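Single-structure report; data block below.
The values are calculated or read from the model by the stated rules, or taken from the named source; none is laboratory data. As the structure is a prediction and not an experimental result, all values here were calculated from the model. Here the Cβ positions follow ideal geometry from the backbone for every residue, glycine too, while neighbour counts run over all protein chains shown. Each accessible area value is taken on the protein alone, full model and side chains, heavy atoms only, with ligands, DNA and RNA left out. Shrake-Rupley method; radii C 1.70, N 1.55, O 1.52, S 1.80 Å.
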Amino acid sequence: MAYITAAAPTRTPPRNASFAERAPAEPFHSAEQAWFWTVGALAARRDGTGRSGPRTERPCDPDDVIKCLDQLYRHRRIELLHARILRIWGERKCAPNPAHARERCDWRLWHEAMERLDWKLRMKGIVR
C-alpha cells in the first residue's frame with residue numbers, strides 16, 4: 001500500500017528583491033509629523049510624482065491616517081471645520097501660529113484636532 005505524503009510547503013521569495021533589505025518601519029514622533037507626511041504623500045500620489053532619494057519606512061499608508069481622521073469625524077470627536085483647517089495648514093506645510101491674531105482661531109481648531117488624532121494614531125502604533 002502506497003502512502004501519499006504531502007511535501008512541506010515552500011516559502012515563496014518576496015516579489016521585490018529590496019523587500020528583504022528594508023529597514024523596520026519607524027513610527028512618527030507626533031500626530032503633526034504624521035499629518036504633514038500624509039498630506040505630502042497624498043499630494044505626490046495626486047500629482048503622479050515618484051519617490052526620490054532615501055525614504056524612511058513608515059508603519060502605515062497615508063490612507064490609514066485619513067481613516068483615523070474619518071473615524072474621529074464619524075464618532076463626532078471632530079467637526080468638518082477641524083478637517084478643513086487640517087487640510088489648509090497641511091497643504092501649507094506648517095501649523096498655525098497662535099502668536100498671530102489671524103491664526104489664533106485656526107490654531108485652536110488645529111490643536112483640538114491634533115490632540116484627538118494623536119490618541120487614535122498612538123492606539124494604532126503609527127505615532128510613538
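Below are the figures for this structure:
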{"item": "Count of the range 61-103 residues which are polar (S, T, N, Q) and either at positive phi or in a helix (DSSP H, G or I) (or both)", "result": "1"}
{"item": "Leading residue by the ranking (least open to solvent (accessible area, probe 1.4 Å)) among those in the range 73-128 that are among the acidic types (D, E) and within 22 Å of R58 (Cα to Cα)", "result": "D118"}
{"item": "Close pairs from the range 65-92: first touching a residue at least 24 places away in the same chain (Cβ under 8 Å), partner part of a helix (DSSP H, G or I) and of a type in the set (S, T, Y), Cβ under 9 Å, at least 6 apart", "result": "V65/T38; I66/T38; L69/T38; H82/Y73; A83/Y73; G90/T38"}
{"item": "First in the range 103-124 and without any contact (Cβ under 8 Å) to a residue 12 or more places away in the chain, second anywhere and open to solvent by less than 20 Å² (accessible area, probe 1.4 Å), Cβ under 7 Å, 6 or more apart", "result": "E103/P96"}
{"item": "Filter result for T38 (among the β-branched types (V, I, T) and assigned to a helix (DSSP H, G or I))", "result": "yes"}
